[in-house]
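Participant: Below are the structure tokens for one structure; questions will follow.
Where a number appears in this text, it was derived from the coordinates with a stated rule and is not lab data. Given the structure is predicted, the values throughout are model-derived calculations rather than measurements. As a convention, Cβ positions derive from the backbone with ideal geometry for all residues, glycine included, and neighbour counts pool all protein chains shown.
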Amino acid sequence: MLPPLHRRIEEAGFNSLPSIQTLLYDGWLIRLAGGGPKRANSVNVLTASAIPFAQKIRYCEHLFQQQGLPLTFRLTDHPQNLELDACLEREGLQRIDDSLVLMKPLDHPMASTNSELHQPDAETWFSQMMLLDQGSPERKQKHVELLKRLALPAVYGGMQTGEGYAAIGLAVIDGDYAGIFDINTDPVLRRRGHARALMAELLDEARQHGARTAYLQVAACNMPAIGLYESLGFTPAYRYWYRCSAA
């Protein structure tokens with residue numbers, strides 16, 4: 001069983017990017033979207049298993065094959081996952097995309113950034129994400145399709161400069177938790193404080209919407225982003241990574 005805080009952030013993260021199909025199988029949450037972000041196309045461990053791992057892996061493998069997707073597990077660093085991780089390694093699934101989950105209490109307003117968060121309508125924000133995100137067009141389009149299924153309150157934010165956006169980001173409110181996602185900055189406008197200003201404004205908006213804890217996910221190798229988030233008061237909560245079969 002995951003620790004309560006760990007479990008709560010995981011659940012909020014799942015809710016913040018809907019998948020198209022979800023199945024529960026002996027304590028595993030299987031998310032399938034037919035492509036797009038790995039977060040929406042992965043097997044996630046919620047509770048301990050009763051069925052042998054080998055049987056469960058074959059079951060998941062069949063489901064992913066039907067979708068034309070590589071078998072993908074998303075594993076957190078909780079001790080209950082270590083045996084499964086070793087089993088997946090023996091099965092030949094490669095470990096990729098080590099990431100950190102960071103969190104921050106929202107117990108007071110952020111310091112003024114002398115900036116004002118612009119909140120475009122969702123369609124405008126989606127268009128900006130398609131421009132600023134560095135992913136493939138196919139992945140970005142699927143990501144947008146999944147975000148359109150979002151049932152939770154969300155703050156679509158951006159920092160404008162001239163006629164465009166210097167940075168965009170998304171805060172998804174799930175009760176007293178807020179997930180910060182999809183922070184993207186125009187490559188030619190980086191290192192000018194736009195992402196910091198955006199983050200501060202998104203956190204304040206999340207707090208005004210009732211959130212008391214913010215969390216985000218960041219690649220463990222992305223030291224500039226981690227430095228920014230830590231300077232805003234985020235601290236590590238736990239790690240996760242993916243195990244993927246060959247496509």
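Participant: List the number of the failed condition for Asp133; all other conditions in (1) within 28 Å of Ala178 (Cβ to Cβ); (2) crowded, with 18+ Cβ neighbours inside 10 Å; (3) in contact with a Lys or Arg (Cβ under 6 Å, 6 or more places away or on another chain) hold.
Facilitator: (2)
Participant: Please count how many residues of the stretch 197-229 are over 22 Å from Ser16 (Cα atoms) and in contact (Cβ under 8 Å) with a residue 60 or more places away in the chain.
Facilitator: 2
Participant: Can you report the number of residues in the stretch 152-180 which are crowded, with 18+ Cβ neighbours inside 10 Å and touching a strand residue (DSSP E or B) at 6+ places or on another chain (Cβ under 9 Å)?
Facilitator: 19
Participant: Hey, among Ala166, Ala211, Ala195, Ala225, which residue is in a strand (DSSP E or B), in contact with a helix residue (DSSP H, G or I) (Cβ under 9 Å, 6 or more places away or on another chain) and either under 23 Å from Ala122 (Cβ atoms) or not β-branched (Val, Ile, Thr) (or both)?
Facilitator: Going through Ala166, Ala211, Ala195, Ala225 in turn, the sole match is Ala166.
Participant: Now for a separate question. Kindly provide the set of residues from the stretch 204-227 that are under 16 Å from the mean Cα position of the chain (by Cα) and surrounded by 15 or more Cβ atoms within 10 Å (Cβ to Cβ), ordered by number.
Facilitator: Thr213, Ala214, Tyr215, Leu216, Gln217, Val218, Ala225, Ile226
Participant: Here are some conditions: (1) touching a Leu at 6+ places or on another chain (Cβ under 6 Å); (2) in a helix (DSSP H, G or I); (3) among the β-branched types (Val, Ile, Thr). Val144 meets all but one. Which one does it not meet?
Facilitator: Of the numbered conditions (1) touching a Leu at 6+ places or on another chain (Cβ under 6 Å); (2) in a helix (DSSP H, G or I); (3) among the β-branched types (Val, Ile, Thr), the odd one out for Val144 is (1).
Participant: Of the residues that sit in the stretch 56-96 and are in a strand (DSSP E or B) and crowded, with 16+ Cβ neighbours inside 10 Å, which one is nearest to the chain's Cα centre (by Cα)?
Facilitator: Checking each candidate, the answer is Arg74.
Participant: Among the numbered criteria (1) over 23 Å from Arg31 (Cβ atoms); (2) within 18 Å of the chain's Cα centre (by Cα); (3) part of a strand (DSSP E or B); (4) without any contact (Cβ under 8 Å) to a residue 60 or more places away in the chain, which one does Lys104 miss?
Facilitator: All conditions are met except number (4).
Participant: I need a count of the residues in the stretch 10-52 that are surrounded by fewer than 16 Cβ atoms within 10 Å (Cβ to Cβ) and among the aromatic types (Phe, Trp, Tyr).
Facilitator: Count: 1.
Participant: Quick check: anything in the stretch 184-191 part of a strand (DSSP E or B), farther than 20 Å from Val101 by Cβ and either touching a residue at least 12 places away in the same chain (Cβ under 8 Å) or among the basic types (Lys, Arg) (or both)?
Facilitator: Scanning the stretch 184-191, I find at least one residue that is part of a strand (DSSP E or B), farther than 20 Å from Val101 by Cβ and either touching a residue at least 12 places away in the same chain (Cβ under 8 Å) or among the basic types (Lys, Arg) (or both), so the answer is yes.
Participant: Are any residues in the stretch 36-51 part of a strand (DSSP E or B) and among the polar types (S, T, N, Q), and if so, which ones?
Facilitator: Of everything in the stretch 36-51, those that are part of a strand (DSSP E or B) and among the polar types (S, T, N, Q) turn out to be Ser42, Asn44.
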